[in-house]
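The values are calculated or read from the model by the stated rules, or taken from the named source; none is laboratory data. Everything numeric in this text was worked out from a predicted model, so none of it was measured. Here the Cβ positions follow ideal geometry from the backbone for every residue, glycine too, while neighbour counts run over all protein chains shown. Quick note on the areas: whole protein, heavy atoms, side chains included, nothing else; ligands and nucleic acids left out. Shrake-Rupley method; radii C 1.70, N 1.55, O 1.52, S 1.80 Å.
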Amino acid sequence: MDRILAIAGNTLRETNRNRVMYVLLLFAVLMILGSVTMGKLALRDPVILIKDLGLAAISLFGMIIAVYLGVTVVHRELEQKTVYFIIPKPLHRTEFLLGKFLGMCATLVIQITVMSSVFFMVLMAYGAGASVVLLKALVLTLAEMLVILSVALFLSSLTGPILAGFLSLALFVLGRSSEFMRQLATSGKTGWSAMDSLLNGAYYVLPDFHLFAVSGAITQRVSIHGNFFTWGYVGYACGYGALYITIMLGLTMLRLRRKDLV
Amino acid sequence: MADKKSKPEAKPEAKPEAVIRATGLCKTFVVGFIPVAKLARRDAREVRPELDQKVLPRQVEAVRQLSFEVRAGEIFGLLGPNGSGKTTTIKMMMGLIFPTAGKIELFGETVPNVAVKRRVGYLPENPTFYDYLRADEFLELSARLCGVDKKIRRARIPRLLERVGLTEALNRPLRKFSKGMLQRIGLAQALIHDPDLVVLDEPLSGLDPLGRKDVRDLISELRSQGKTVIFSSHILSDVEMICDRVGIVVRGELRDIGKLDELLSARVTETEVVLEETPASVMDMAREKGWSALQKGDRLRIRLPGETDPGEILRKALDDGARVVSVVPLTESLEDLFVREARKA
């Protein structure tokens, strides 16, 4: 376990010294602060708009950071040959992968914590403050980011970082549309049974990011998800995320297990 | 390839345990997924119409049927020209790449094996490490990965840094290290867990003469501690100085293996006569005989082929007033052997 933690710690140190992370974080913070200006233009309660924009900023930049980490961190090890230092040490390739993944998870947790802190400060300035519902929304956002991270990591084991990045973004969009795909498949509106089967299959295979989709509107109980936004639901979504992450890491490991590190 | 046998009359000695045993090791790399497209990307000039007929991916045989043993406590040098398969062999040894056929065993276990890795230290060729780490942080990470106890690593890290001459660079990030310093810190990380086997891929490249001497001394010191060392190198003079046995790999095949004195012919290949204040008549005689003669400053170097008697040229030189500086019979050097094997291939 100490070896995994050593790799995770080193990964965290590496990502913390990466300027790209700070630039992305800066943009996220600017977008959250920008929600104040937008709030002033709101016709109704500005807090609703601030919550909407704040959560959207955290989700958007969290997703970009997760994809960036997933497609670059392990790839960089292979590209810069630092893997020649790690793999001959007395550890399994699985431990290397888990260490890298844990380090990236820790980076995401820190990033989302920073963004959330700014978000809560803005809300407090408007007298709204933090609430359990918002906390639940942030937990779901973090879980979603971790799933995207595992998907990007798997894709980066198959192809180069740029293509893996685009594919991860495409999967994110498709995953967010999973409910729509399922409804389309079950309604039979396509008029083509093969297409229905394909959409149905895609619904089960692709990550269901719709499960994690949250917006400030949820806090006003006008969510498209209805009223299931309980801790039970958060636990269910996180469980699904954990299962998907396990599958993605397993597939990545299968890919890396016998890969020649030339 | 089996080792060359020692003198027949010698009593057979009990062989020490084989630390490394490669048996029929082969490695073939497939170049490109779609061969024509890959070739086109590599070099547009190579794209020729006949390539369209190629349906199988291009293959490169990096290592072919390589078999050898390295015994406990010896220093083994793996020699070969660029692209001969030395690094590929070492990477297979370290579990970085996998053999296409054959197997490689360290301490009797097929690699990769975590228990075996605990006994092995490795310095990669042209090492790249985490450049944002300081020297001490990097060694701390290496020690943790090797499972070295906290107390031991606290004592060992400064000692190793001192041994490789990097004490003053303790707090400097690796990105500010020169190539020679990276090589030294690479050696330190390879030794951090006090391994029984040390595998060094080109440890002498990029080092100045002083640095090379330090590394040579370090390798000799490892032998005196009873450790086994295998290293690849192009610097033949260093190999000659420190290796117990060498293996010469050319185009992925092991061409020769054994102790240096067994591999190198004791026969005199040339006799070198060095003269000073030499009159032109001596030079003329050398040319007439077809011997190589090279005037450099005051000195004339004449090389007589094989075991030609130097008496005739020496008499002529002394009679004509020249001064004899030296007469040296030359035997085959490692460089001669290396060049001979490389040319044969």
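Test A:Leu163 against the stated conditions and say whether it is within 14 Å of chain B (Cβ to nearest Cβ), assigned to a helix (DSSP H, G or I), open to solvent by 30 Å² or more (accessible area, probe 1.4 Å) and more than 30 Å from B:Gly186 (Cβ to Cβ).
Numbers: within 14 Å of chain B (Cβ to nearest Cβ): yes; assigned to a helix (DSSP H, G or I): yes; open to solvent by 30 Å² or more (accessible area, probe 1.4 Å): yes; more than 30 Å from B:Gly186 (Cβ to Cβ): yes.
Yes: the conditions hold for A:Leu163.
For segment B:231-345, please list each of the helices (runs of 4 or more DSSP H) lying entirely inside it that holds at least 1 residues being surrounded by 16 or more Cβ atoms within 10 Å (Cβ to Cβ) and under 31 Å from the mean Cα position of the chain (by Cα). Please lay out each step first, then the result.
Numbers: elements: B:236-242, B:260-263, B:280-289, B:311-319, B:334-344.
Hits in segment B:231-345: B:236-242, B:260-263, B:334-344.
Taking segment B:97-150, which residues are more than 8 Å from every other protein chain (Cβ to nearest Cβ) and of a type in the set (D, E, K, R)?
B:Lys103, B:Glu105, B:Glu109, B:Arg119, B:Glu125, B:Asp131, B:Arg134, B:Asp136, B:Glu137, B:Glu140, B:Asp149, B:Lys150
Let me confirm something: among B:Leu187, B:Leu166, B:Leu197, B:Leu210, which residue is surrounded by fewer than 20 Cβ atoms within 10 Å (Cβ to Cβ) and among the hydrophobic types (A, V, I, L, M, F, W, C)?
Details: B:Leu187 fails: surrounded by fewer than 20 Cβ atoms within 10 Å (Cβ to Cβ); B:Leu166 fails: surrounded by fewer than 20 Cβ atoms within 10 Å (Cβ to Cβ); B:Leu197 fails: surrounded by fewer than 20 Cβ atoms within 10 Å (Cβ to Cβ).
It is B:Leu210.
Looking at segment B:185-229 only, could you name the residues that are of a type in the set (D, E, K, R), closer than 23 Å to B:Thr89 by Cα and assigned to a helix (DSSP H, G or I)?
Result: B:Arg216, B:Arg223.
Identify, by number, the condition in (1) out of contact with any Asp or Glu (no Cβ under 7 Å at 6 or more places or on another chain); (2) of a type outside the set (A, V, I, L, M, F, W, C); (3) farther than 24 Å from A:Ile86 by Cβ that B:Pro195 doesn't meet.
Every listed condition holds for B:Pro195 apart from (3).
When segment B:76-121 is examined, which residues are found to be in contact with a helix residue (DSSP H, G or I) (Cβ under 7 Å, 6 or more places away or on another chain) and open to solvent by less than 10 Å² (accessible area, probe 1.4 Å)?
Correct list: B:Gly77, B:Leu78, B:Leu79, B:Gly80, B:Leu96, B:Ile97, B:Ile104, B:Leu106, B:Gly121.
Restricting attention to segment A:78-98, which residues are open to solvent by 60 Å² or more (accessible area, probe 1.4 Å) and either more than 9 Å from chain B (Cβ to nearest Cβ) or of a type in the set (Val, Ile, Thr) (or both)?
Of segment A:78-98, the ones open to solvent by 60 Å² or more (accessible area, probe 1.4 Å) are A:79-81, A:92, A:94, A:98.
Once the filter is applied, which keeps residues that are open to solvent by 60 Å² or more (accessible area, probe 1.4 Å) and either more than 9 Å from chain B (Cβ to nearest Cβ) or of a type in the set (Val, Ile, Thr) (or both), segment A:78-98 yields A:Glu79, A:Thr94, A:Leu98.
Checking the conditions here, which among A:Val147, A:Val139 is in a helix (DSSP H, G or I), open to solvent by 40 Å² or more (accessible area, probe 1.4 Å) and touching a residue at least 60 places away in the same chain (Cβ under 8 Å)?
Numbers: A:Val147 fails: open to solvent by 40 Å² or more (accessible area, probe 1.4 Å).
Testing whether each residue is in a helix (DSSP H, G or I), open to solvent by 40 Å² or more (accessible area, probe 1.4 Å) and touching a residue at least 60 places away in the same chain (Cβ under 8 Å) leaves just A:Val139.
Select from segment B:125-155 the residues that are more than 28 Å from the chain's Cα centre (by Cα), in contact (Cβ under 8 Å) with a residue 12 or more places away in the chain and within 30 Å of B:Leu78 (Cα to Cα) and list them in ascending order.
Listed by number, the residues that qualify are B:Gly147, B:Val148.
What's the number of the only condition in (1) modelled with pLDDT of 85 or more; (2) open to solvent by 10 Å² or more (accessible area, probe 1.4 Å); (3) in a helix (DSSP H, G or I) that A:Ala66 fails to meet?
Single failed check for A:Ala66: (2).
Quick one: how many residues across segment B:157-184 are closer than 22 Å to B:Glu202 by Cβ and assigned to a loop (DSSP other than H, G, I, E, B)?
So the count comes out to 5.
Which ranges mark the helices (runs of 4 or more DSSP H) fully within segment A:166-262 that have 2 or more residues being crowded, with 17+ Cβ neighbours inside 10 Å and at pLDDT 90 or above?
Numbers: elements: A:178-187, A:193-205, A:231-257.
Output list reads A:231-257.
Inspect all residues belonging to segment A:52-60 and state whether any of them is modelled with pLDDT of 90 or more and either within 19 Å of A:Leu163 (Cβ to Cβ) or outside any helix (DSSP H, G or I) (or both).
No.
Going by what's in this entry, would B:Arg154 be described as open to solvent by 10 Å² or more (accessible area, probe 1.4 Å), of a type in the set (Lys, Arg), within 12 Å of chain A (Cβ to nearest Cβ) and not in a loop (DSSP other than H, G, I, E, B)? Steps first, please.
Working: open to solvent by 10 Å² or more (accessible area, probe 1.4 Å): yes; of a type in the set (Lys, Arg): yes; within 12 Å of chain A (Cβ to nearest Cβ): no; not in a loop (DSSP other than H, G, I, E, B): yes.
Answer is no for this residue.
What are the residues in segment B:58-67 that are touching a residue at least 40 places away in the same chain (Cβ under 8 Å) and open to solvent by 10 Å² or more (accessible area, probe 1.4 Å), if any? Walk me through how you get there before you give the answer.
Going residue by residue through segment B:58-67, those that are touching a residue at least 40 places away in the same chain (Cβ under 8 Å) are B:61-67.
Selection gives B:Glu61, B:Ala62, B:Arg64, B:Gln65, B:Ser67.
If I ask for residues that are surrounded by 20 or more Cβ atoms within 10 Å (Cβ to Cβ) and away from every other protein chain (no Cβ under 12 Å), which ones from segment A:1-30 would you list?
A:Ala28
Mind checking which pairs have a first residue in segment B:307-325 that is farther than 15 Å from B:Trp291 by Cβ and free of Cβ contacts under 8 Å to residues at least 12 places away in the same chain and a second that is surrounded by fewer than 17 Cβ atoms within 10 Å (Cβ to Cβ) and β-branched (Val, Ile, Thr), Cβ under 9 Å, 6 or more apart or different chains?
Close Cβ pairs satisfying both conditions: B:Leu318/B:Val324.
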